[in-house]
1. Could you work out, residue by residue across B:57-70, how many beta carbons of other chains sit within 10 Å of that residue's beta carbon, and then give the average as an integer?
2. Under 5 Å between amide hydrogens, which residues at least 5 positions from A:N120 or on another chain qualify, with H placed 1.01 Å from N in the peptide plane?
3. I need A:T79, A:T165, A:T241 ordered by Cβ neighbour count within 10 Å, fewest first.
4. Would you mind telling me which residue in A:E106, A:E189, A:E148 has the biggest mean-square fluctuation in a Gaussian network model of chain A, where springs connect alpha carbons within a distance under 10 angstrom?
5. Counting other beta carbons within 10 Å of each residue's own, what order do A:T29, B:T32, A:T8 fall into, fewest first?
6. Give the aspartates and glutamates whose C-alpha is closer than 17 Å to that of A:K246, dropping any in the same chain fewer than 8 places away, or say none.
7. What is the fewest-to-most order of A:S45, A:S96 by other Cβ atoms lying within 10 Å of their Cβ?
8. What do the square roots of 5 times the Cα gyration tensor eigenvalues come to for chain B, in whole Å, largest first, as semi-axes of the equivalent ellipsoid?
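Bear in mind that the values in this text are calculations on the coordinates, not laboratory data. Quantities reported herein were computed from a predicted structural model and do not represent experimental measurements. Quick reminder, even Gly has a Cβ in these numbers, built from the backbone with ideal geometry, and neighbours come from all protein chains shown.
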Amino acid sequence: MANRNFQTRQALEKEMKDLYSNITFGASTAATATLDLTEDIVLTSVAAGDDRNDETFTVQVAAAADNPTDTVLAVFSGTAAAITVTITPNDGTNNSATPVNLTTAELVELINDGSVTGKNVTVTDTSSLRALQTATGGDTTPLADSGEGDGVAATFANGAVADPTVNDDLGFSSVARSSKGVFLATLPEKYNKLRSFSGMILLSTVTDTKIQLVSEAMATAGTITFRTITGTTLVDPSSSTKALLKMEVRNSSV
Amino acid sequence: MANRNFNRKQALEKEVKDIYFKVSFGATGAPTLSASDSLGVASIERDAQGTYTVTLDDKYHGGIKFFDGVLLDAAAEDIYFQLKADSVASSKEVEFFCNTGATATDPSDGSVALFKLELKNNTIR
């Protein structure tokens, strides 16, 4: 340890106290959704966290049509919040009277890879919606207009971000995630006034994440609310991210 | 100088020490420590673009409680500082990034930065 002479720290205000805390942000769990089929397909959001909770993914199966050559058409449409994939099987008109369809297992492959081995699938995905989730499940049951898969919708749920872990509880007794990128920190005691608050990200890789004070109720509840942002967008730091937090509080109204 | 009554600041933690240092940046982010404004700091090195290691004179066994830096520059510059690693308890080193967005970036030639480290000098709570 440093064996040197250090000087007393001073301030013009009376009863100024420095409080420190060190937190590790919580892990994120991806939202999932289940398409209710003969053998269900489980969709998992690529983005972890609770952003996709309540968003939907719907399968529509159109009547087989005279698609070019041996193609099956797959169109991803809608928005990230409400994705629809429309499958149009091939009725064989332009394929030597050989119809071509997809099974539910092949729909899984299509969602994951954008293609199906041994099938010629023409994918239209102008908004890049397909890659927002991965899929598992399905079986050899063919998709069918007014049958298997047609009109089946799944709603994403159970995406979550855990509360941060408080590594140094002298400063904060707890930190709870209120919503995306917003955290409520509770101190062990109340103080008369918050005089400053700062946060510094500690991470071995570069990250564009800053910490900003949202509100404080130091005197009445011993709490502060802070946010983590990139630019002006709220973000949840990854679970490997730590933050060093410092508050300067006044313990008197004198 | 200010001729006023100042009051002692306190912390819940024992043995919290403030270390200040001042760095001027040259071409390609080459750092120069201002020795007279950097008591307790031995050296600073540029490891890579926008990435620096500061070596302290001493080890601080309780680690870094807080770190902050601010750029002092007459011209606007989109730079902020991020702590990369804390090894003041073992190797006396502090690593930090200078970032523009999510890119480690060298501060401009001629800019100056003021830094503050708050360190705990023991492991006793």
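1. Values: counts 2, 4, 2, 2, 2, 1, 3, 5, 11, 11, 5, 5, 1, 0.
The per-residue average across the peptide is 4.
2. A:V72
3. A:T79, A:T165, A:T241
4. Largest GNM mean-square fluctuation: A:E189.
5. On the way: A:T29 15, B:T32 12, A:T8 8.
By the 10 Å Cβ count, ascending: A:T8, B:T32, A:T29.
6. A:E15, A:D18, A:D168, A:D169, A:E189, A:E216, B:E13, B:E15, B:D18, B:D68, B:D86, B:E118
7. A:S96, A:S45
8. Semi-axis lengths for chain B are 26, 19, 13 Å.
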